[in-house]
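Worksheet for the structure shown next.
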Amino acid sequence: MLTRRVLGTGTVVVAAATTGALLVGLNAGSASSGARPAAAKAQAVAAKPRPLAGKVIVIDPGHNGLNYKYPKVINRKVPAGPKKKACDTTGTATSSGYAEHAFTFDMAQRLAKILRAQGATVRLTRPNNRGVGPCINERAAIANRLRAHAAISIHADGAPSSRRGFHVILPGYVKGYTGPIVKPSKRLGYDVRAAFRKVQPYANYVGGDGLDVRTDLGGLNMSKVPKVFIECGNMRNRTDATRLKSASWRQKAAQRLAVGLGVYLRR
């Protein structure tokens, strides 16, 4: 069938059918029927809820892929609160060699995608898994400069192999440093813990009920915005390692982190 259309108000649409019949009709000013589904789809996308619009979130994937090659760089001392600490560390790994830095970056990417789809502005503290650092004080400074509404540092633990589970690390009070963020970070931590419990049990070797309070972490001490760390599991434990290495589990875990952050940010 041959068709000629000239769109516009009052346009005549002419179509020659295979039977040879000539069909003539008036377009009353609306788009063609084929355009309507596309327009409807565009409207549906535009109307999709964006509950985190206007919120700024910083995701800090722990460590980095080349830290191990530059010990002098990552071992240099940087501000970490009342005392200085090493710039960064290499992180841990499963017995099969799946590295913590790879896990944390994968999780960060998954989480960022979910949060951006909900309207949030998201910044990662490192753009890939092929670099060094940044140092712990710079990781905190990134969120500070952006005045982030929330920040989360993603890690996995290297505890004894008989132990497993996750825990959220909250900033304790450090005079001159963490005072303004202790309370909001606690609320953030409780919300993240409640959400993440759906995919992982509480750690049975540290803290209590999935929570731990620390005053020695530069990433928390140097933060001026609400921030928590999460140790998603123990890479040395066989059960946890199986989960951490699973892409499907990491996706579920990222979704739960997004839920926890969303609950906190919508309060």
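The values are calculated or read from the model by the stated rules, or taken from the named source; none is laboratory data. From a predicted model like this one, the values you see are computed outputs, not experimental measurements. Methodologically, a virtual Cβ is constructed for each residue, glycine included, from the backbone with ideal geometry; neighbour enumeration extends over all protein chains shown. Just the protein is used for accessible areas: all its heavy atoms, side chains included, with ligands, DNA and RNA removed. Shrake-Rupley method; radii C 1.70, N 1.55, O 1.52, S 1.80 Å.
Structure notes:
- Test: residue in the stretch 173-195 that is crowded, with 23+ Cβ neighbours inside 10 Å and assigned to a strand (DSSP E or B): no
- Hits in the stretch 220-267 (condition: within 15 Å of HIS149 (Cβ to Cβ), under 14 Å from the mean Cα position of the chain (by Cα) and not in a helix (DSSP H, G or I)): LYS227, VAL228
- Residue count for the stretch 84-108, restricted to those that are closer than 18 Å to PHE229 by Cβ and open to solvent by 50 Å² or more (accessible area, probe 1.4 Å): 3
- Among the candidates GLY179, GLY189, GLY219, the residue that is closer than 20 Å to GLY62 by Cα and free of Cβ contacts under 8 Å to residues at least 40 places away in the same chain is uniquely GLY189.
- Checked against the criterion of being more than 25 Å from LEU115 (Cβ to Cβ), of a type in the set (Lys, Arg) and open to solvent by 10 Å² or more (accessible area, probe 1.4 Å), the candidates ARG243, ARG164 yield just one match: ARG164.
- Subset of the stretch 119-130 [in contact (Cβ under 8 Å) with a residue 12 or more places away in the chain and open to solvent by 20 Å² or more (accessible area, probe 1.4 Å)]: THR121, ARG123, LEU124, ASN128, ASN129, ARG130
- Of all the residues in the stretch 204-234, those that are within 27 Å of GLY97 (Cα to Cα) and among the polar types (S, T, N, Q) number 2.
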